[in-house]
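One structure is given below, encoded as structure tokens.
The values are calculated or read from the model by the stated rules, or taken from the named source; none is laboratory data. Just so you know, these numbers come straight off a predicted model, no measurement behind them. Positions of Cβ are generated from backbone atoms using ideal geometry, with glycine treated the same way; all protein chains shown enter the neighbour counts.
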Amino acid sequence: MNENVGEAHLSEHEQQRVRRQKLEALQAAGCDPFHHTIYNVTAHSSDIHNNFDEYEGKTVSVAGRIMTKRVQGKAAFIDVLDRHGRVQSYVRGDNIGEDEYTAFKQYDIGDIVGITGEVFRTQKGEVSIRAGSVTLLAKSLQVLPEKWHGLTDMEARYRRRYVDLIVNPEIRDTFIKRTAILKAIRNFLDGRGFLEVDTPVLQTVSAGAGGTARPFLTHHNTLDLEMYLRIALELPLKRLIVGGLERVYELGRCFRNEGMSTKHNPEFTMLELYQAYTDYHGMMELTESMFRQVALDVLGTAVVPCGEYMIDLSQPFAKITMVDAVLQYSGVDFNQLLTLEDAQAAAKKHGVHFEKYHTKGNILESFFDEFVEKNLIQPTFIMDHPTDISPLTKRKPDNPEYTERFELFIMCREMGNAYSELNDPIDQRQRFADQEALRAAGEDEASMTDHDFLLALEYGMPPTGGLGVGVDRLFMLLTNSDSIRDVIFFPTMKPMQNQ
């Protein structure tokens, strides 16, 4: 029988009360699991299961959380969950001693215990540990979700990720893969001679990110100074290129005070890298190679399931200009729209919203958002964005209305954004001025002017390619997750009223 069956009829509050009574009884008997305790773990569940022949008959010590408890007379079977999975333990009073077994009967599902004993296989063939001692390491005063239904409410899972990790093994696997993906990214870039660096999170100017993000504002008391949480890693990293480091990258947290969705969280992990003496074509090669290699390193394949699709990262990624993509999916050719008024008329005709301060480039981007993005399932580079929405990007020499920029789309999501970086300080100063004009007109996502960055450019920055990747979306792709909240340990949530 299950040891906790007798309490099943009790409410959760009553079960919590019973657990506190058990804790008090244990403490009165001299067993306090919250005192400082060192427990020497010599094996994990995966070691025992994967190497049973090596461990059979040997004594091991494991530690973890009781997930099931089945009492059969004077003996019991428990499943213990550690970081790698579960292992069964056979607990018998004759083996651990009557006093210890009496205490053991007070242990609940969810309690954290240490088991020392001999590895064996039961008559039914189950790999197990014959307990010689059971040590209570921490008493659980809360009741875990019911075994078969588990923690299924998504909002509760996000709010109580610690419980989600306990009762849903697949979410553990997701976050183990997240760590593996970060390691694979670092290995790839380190192998290409990049240097990992750190840059400030608090900044006095909100800039970067293509100039289209609303920042979080905070205040530094000592300096009596308004500061911003960074929206991007871009400008400090390009200062390092000016300083001669040539190849740099950062994996860091960025913050954007914008809407939330399955693709957006206000706090997210960004990869940005900059490489001297290359351009956006070089960044395309690097991006494609990195996505393919990371998938191979983590999953063993470059063809990955995502929803109802199989995403093929093994083949060359498609390439199309933004203008041609809009023409293909909407029938509107922006090469034929010579003026802002032409673009506004086309937008009205096709029901595309625009603001009075929007430029022709803004309207082209709105057409792309409306008609194109939802069609980009397989990896596709969207190239050559308008200059007026790309304030940090080098113009195309043969068509200065557009820039040497691309965005990578997979599964209808923007996965990366890259430029031939603008290194002309005079042109950059004018682009910042254009952004300031947009801010004055009401566009609060427009970039601010970073005067120190302009000064850095005046010292000379070599031709440079830059790439930004929202790695949380890469995690979504490689773990087949539907929402960005599924790949962030603690996504941003509105506090509950009773919290």
message = If Leu217 satisfies all but one of (1) within 30 Å of Arg395 (Cα to Cα); (2) among the aliphatic types (A, V, I, L, M); (3) in contact with a strand residue (DSSP E or B) (Cβ under 7 Å, 6 or more places away or on another chain); (4) not in a loop (DSSP other than H, G, I, E, B), what's the number of the condition it fails?
response = (1)
Leu364 surrounded by fewer than 19 Cβ atoms within 10 Å (Cβ to Cβ) and not basic (Lys, Arg) = no
request  = Kindly check whether there is at least one residue in region 77-91 that is surrounded by 14 or more Cβ atoms within 10 Å (Cβ to Cβ), hydroxyl-bearing (Ser, Thr, Tyr) and in contact with a Gly (Cβ under 9 Å, 6 or more places away or on another chain).
outcome  = yes
Matching option when the condition is surrounded by 13 or more Cβ atoms within 10 Å (Cβ to Cβ), over 24 Å from the mean Cα position of the chain (by Cα) and not aliphatic (A, V, I, L, M), among Gln275, Gln336, Gln293, Gln315 = Gln275
request  = Could you list all residues from region 340-380 that are within 24 Å of Glu445 (Cα to Cα), at pLDDT 95 or above and hydroxyl-bearing (Ser, Thr, Tyr)?
outcome  = Ser366
ask   = So His49 clears everything in (1) under 23 Å from Arg83 (Cβ atoms); (2) modelled with pLDDT under 95 except one condition, right? Which one?
value = (2)
inquiry  = Checking Gly150 against (1) surrounded by 13 or more Cβ atoms within 10 Å (Cβ to Cβ); (2) modelled with pLDDT of 90 or more, only one condition comes out false. Which one?
reply    = (2)
request  = State yes or no: is Pro379 of a type outside the set (A, V, I, L, M, F, W, C) and touching a residue at least 60 places away in the same chain (Cβ under 8 Å)?
outcome  = yes
task = Starting from region 277-293, take each residue that is farther than 17 Å from Asp384 by Cβ and list its partners that are small (Gly, Ala, Ser), counting only C-beta distances under 6 angstrom and pairs at least six apart or across chains.
result = Thr278/Gly465; Arg292/Ala302
inquiry  = For region 294-317, which positions are assigned to a helix (DSSP H, G or I) and in contact (Cβ under 8 Å) with a residue 40 or more places away in the chain?
reply    = Val294, Ala295, Asp297, Val298, Leu299
ask   = If you take the residues in region 155-209 that are among the polar types (S, T, N, Q) and not in a loop (DSSP other than H, G, I, E, B), which one is modelled with the lowest pLDDT?
value = Gln203
key: Total residues in region 113-134, condition touching a residue at least 60 places away in the same chain (Cβ under 8 Å) and either over 17 Å from Asp79 (Cβ atoms) or out of contact with any helix residue (DSSP H, G or I) (no Cβ under 9 Å at 6 or more places or on another chain) (or both)   = 4
ask   = Counting only residues that are part of a strand (DSSP E or B), aromatic (Phe, Trp, Tyr) and within 12 Å of Glu118 (Cα to Cα), how many does region 49-91 have?
value = 1
query = Among the residues of region 243-263, which ones are assigned to a strand (DSSP E or B) and surrounded by 16 or more Cβ atoms within 10 Å (Cβ to Cβ)?
reply = Arg247, Val248, Tyr249, Glu250, Leu251, Gly252, Cys254, Phe255
request  = Please find, within region 17-40, the residue that is modelled with the highest pLDDT out of those that are surrounded by fewer than 15 Cβ atoms within 10 Å (Cβ to Cβ) and under 36 Å from the mean Cα position of the chain (by Cα).
outcome  = Asn40
ask   = Within region 113-134, which residues are in contact with a Gly (Cβ under 8 Å, 6 or more places away or on another chain) and surrounded by fewer than 20 Cβ atoms within 10 Å (Cβ to Cβ)?
value = Glu118, Phe120, Arg130, Gly132, Ser133
